[in-house]
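To start, the structure under review is shown below, and the notes come after it.
Only the coordinates and a few stated rules stand behind these numbers; no lab work does. Predicted, not measured: the structure shown is a model, and the values here were computed from it. Here the Cβ is made from the backbone with ideal geometry for all residues, glycine too, and neighbour counts use every protein chain on show.
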Amino acid sequence: MRVRPAFPGGSGSRSGLSLLEVLVSVAIFLGAMTSIMYALSRGQDAEIAARLRSEAVIRCEAVMGELVAGVVELDSSSENPFADDETGNWTWSSEVNSEPGNGLLEVRVVVEHRPGGGEPNAAFSLVRYVRDPQLFLDAMLEAGE
């Protein structure tokens, strides 16, 4: 028969945890929770950025389609608001440059999300070359004379 010592630190099995072991395990737990919360925060930031970039692409393509179709005047303009944006954070700008001699217009559209009017946190730009509509009008006028 084996006798257990009555004082701690003796040679035998223990029945509990020391204060140091509890503190170490709490520190490990808190470190793991901090890492997990940081990863979740970064994931949420990435999700918001991806959603804003996707919306910028869709808005940019819509504006480009309106410019090319003639719904909006094919002219350079800056910081135009979107009619469907209730927050007023989305703006678009267009730049139209003519290429001399080839009858093409370079149309560049930039869409930006500026929360509170500050620096943009999402932007997208699209460039398309289109035929100059003035050439068609001039040709029709010449044919009519």
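Figures for the structure shown
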| quantity | calculated |
| --- | --- |
| Helix-only mean residue ellipticity at 222 nm for the chain, each DSSP H run of n ≥ 4 adding -39500 (n - 2.57), per residue, nearest 500 | -16000 deg cm²/dmol |
| For the chain, the Rg and Dmax computed from alpha carbons only, in angstrom | 32.8, 124 |
| Ala46 versus Gln134: modelled label distance in nm, points set 7 Å from Cα along the beta carbon direction | 4.9 |
| Efficiency of FRET between Arg114 and Ala39 - r from beta-carbon atoms, R0 22 angstrom, step 0.05 | 0.15 |
| The stretch 19-144, dipole about Cα centre (Lys/Arg Cβ +1, Asp/Glu Cβ -1), debye to the nearest 20 | 540 |
| Selection from Ser41, Phe136, Ser125, by position along the positive dipole direction of the chain (Cβ) | Ser41 |
| Angle between the chain longest axis and helix 19-69 axis [Cα atoms, degrees, rounded to 10] | 10 |
| Selection from Gly101, Thr87, Val63, by position along the positive dipole direction of the stretch 19-144 (Cβ) | Thr87 |
| Approximate spin-label separation Phe29-Glu86, in nm, with each point projected 7 Å along Cα-to-Cβ | 4.4 |
